[in-house]
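Enquirer: Pasting a structure here, questions to come.
The values are calculated or read from the model by the stated rules, or taken from the named source; none is laboratory data. Since the structure is predicted, the reported quantities are computational estimates derived from the model, not experimental observations. Here the Cβ positions follow ideal geometry from the backbone for every residue, glycine too, while neighbour counts run over all protein chains shown. SASA here: full protein model, heavy atoms, side chains in, ligands and nucleic acids out. Shrake-Rupley method; radii C 1.70, N 1.55, O 1.52, S 1.80 Å.
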Amino acid sequence: MSPFVRSAVVLGLLCATGPLAIDMFLPALPTIAGSLNSTIAAAQLTIIAYFIAYGLAQMVYGPVADMVGRKPPLIAGLVLFAAGSIGCALAPDMNSLVAARVVQALGGAAAMVIPRAIIRDMHTGPQATRLMALVMLIISVSPMLAPLAGSGIIALSGWRAIFATLAVAAALSIAVTLLLQPETLKPEHRVPVRLSALLSGVSKLLRDPVFMGLTFVGGFGMASFFVFLASASFVYTGHYGLTPTGFSLAFAANAAGFFTATQLAATLGEKFGADRVVNRAVTGFMGFTLLLVGLVWFGIDQFALLVGLLICANACLGLVIPTAMVMALDDHGDIAGLASSLGGMLQMLAGGVMTMLAGPYFNGTPLPMVVAIAIAAVLAFAAMRFTASARTRRPVAPA
């Protein structure tokens, strides 16, 4: 195995830890609501709270990783994730489960933000996009297989066993980090965490319209996922009558479209240019989601059609998200950890806010879900046009 592929496997396994905490327990959401004598809205809060805490925590891990190196905060986060998973497994009521999910998210954020900074330590440009795409290919095992695994665990041992499994996965990730992941930030490149430097870096990033535009291109794309994650299990099982296993298979099909497309992102970026790929893919994402809204709005409520158009929309996102992530960090290599943290936080907050705004309109039918997804697509398109405009206004560096 080449060092490049080995890095992709290790980083992909680490990055999959956080998504596993969402994907594996999705089929259990209706069961959890019933088991804890709670409501659908309260069950959805376990996802929303996770997203918000996951996003906010990224602002801590990035600067710390720039100061002490990548591995120590990564290991600390995985330990916290394991503790939160155990808390979820033992939760006696919904409030306790939500609190434990927050702890789980505060730890899981390390396994997302720090690997992205590690990629930036090692590569830039197309090579970074290629490595990011390989990492996302490894991560794709999570949304395609984790819901099925969760359904099997529910059938055998109940929903609490899902969180015990996540605690074991965190322990394995700690072992992988200790044994297989080298430190990529050399001591001479480490930046002490000073409040003035942190505020200066954040200010620099917030005032960079290209960074902000690309961040929200990916952020609103991810927000569409969050809306789907919070709603799909209830729509698929309640409205369409699928079993937890049936939901898992449908969810895997959507994930397969996304992650298959991610593998084309680097090649298409090299051939046509990253800007052009993002432009066309965001436009396609918006087109598919608006078509879906129109069909559902006029009463064409077919499960196969819904899944098919979501697969197409998610395939477009598979081209957008890894490319936008890399492009956003390209100009900020000196503060890659902070940039990754701020970008990740803003993206997670966008997703959490979008899901909260859509929540009151959820009625168990597909329409509120697809309308919220389409709104996220339109906002991603607007962010993409803003980014393109900002690039044309940016001064050209002297030769």
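Enquirer: Using a 1.4 angstrom probe on the protein heavy atoms only, line up Glu188, Glu183, Glu270 by accessible area, largest first.
Expert: On the way: Glu188 130, Glu183 65, Glu270 100 Å².
Sorted descending by solvent-accessible area, the residues read Glu188, Glu270, Glu183.
Enquirer: I'd like the distance between the alpha-carbon centres of the stretch 314-378 and the stretch 1-60, rounded to an integer number of Å.
Expert: Centre-to-centre distance over Cα atoms comes out at 15 Å.
Enquirer: Continuing with the same structure: Which is the longest part of the chain that has none of the trypsin sites (Lys or Arg not before Pro) sitting in a DSSP loop with at most 15 other Cβ atoms within 10 Å?
Expert: Within the chain, the longest run free of exposed trypsin sites (Lys or Arg not before Pro) spans 208-399.
Enquirer: Under 20 Å from the Cα of Lys71, which lysines turn up, not counting those fewer than eight places away in the same chain?
Expert: Lys186
Enquirer: Let me ask something else about it. If you count only protein heavy atoms with a 1.4 Å probe, what accessible area per residue comes out for the stretch 1-48, rounded to a whole Å²?
Expert: Accessible surface, normalised per residue, equals 35 Å².
Enquirer: How would you classify the stretch 244-286 from its alpha-carbon gyration tensor, with a ≥ b ≥ c the square roots of the eigenvalues: rounded for a/c under 1.5, else prolate if a/b is greater than b/c, otherwise oblate?
Expert: Oblate, because a/c is 1.5 or more while a/b does not exceed b/c.
Enquirer: Is the shape of the stretch 266-353 best called rounded, prolate or oblate, per the rule: a/c under 1.5 gives rounded, else a/b larger than b/c gives prolate, else oblate, with a ≥ b ≥ c the square roots of the Cα gyration tensor eigenvalues?
Expert: It comes out oblate by the Cα gyration axes.
Enquirer: Within the set of other residues whose C-beta is less than 14 Å from the C-beta of Val320, count the net charge using Lys and Arg as +1 and Asp and Glu as -1.
Expert: +2
Enquirer: Something else now. Quick check: at a probe of 1.4 Å, how many percent of the accessible area of the chain sits on carbon and sulfur atoms?
Expert: Working: 11100 of 15560 Å².
Percent of accessible area from carbon and sulfur atoms in the chain: 71.
Enquirer: Who wins for biggest fluctuation among Leu145, Leu13, Leu198 in a Gaussian network model of the chain, springs between alpha carbons below 10 Å?
Expert: Sorting by GNM fluctuation, first place goes to Leu198.
Enquirer: Sorting His123, His189, His332 by accessible area (1.4 Å probe), largest first, what list results?
Expert: On the way: His123 50, His189 115, His332 5 Å².
My answer, sorted largest first, is His189, His123, His332.
Enquirer: Where a ≥ b ≥ c are the square roots of the eigenvalues of the C-alpha gyration tensor, would you call the chain rounded, which needs a/c under 1.5, or, failing that, prolate if a/b is larger than b/c, or oblate?
Expert: On the way: a/c = 1.69, a/b = 1.19, b/c = 1.42.
Note, shape of the chain comes out oblate.
Enquirer: Which ³J(HN,Hα) values in Hz, rounded to whole numbers, follow from the phi angles of the stretch 216-222 under the Karplus curve 6.51 cos²θ - 1.76 cosθ + 1.60, where θ = phi - 60° and Gly and Pro get x?
Expert: Per residue, the Karplus-derived 3J(HN,Hα) values read 7, 4, x, x, 6, x, 5 Hz.
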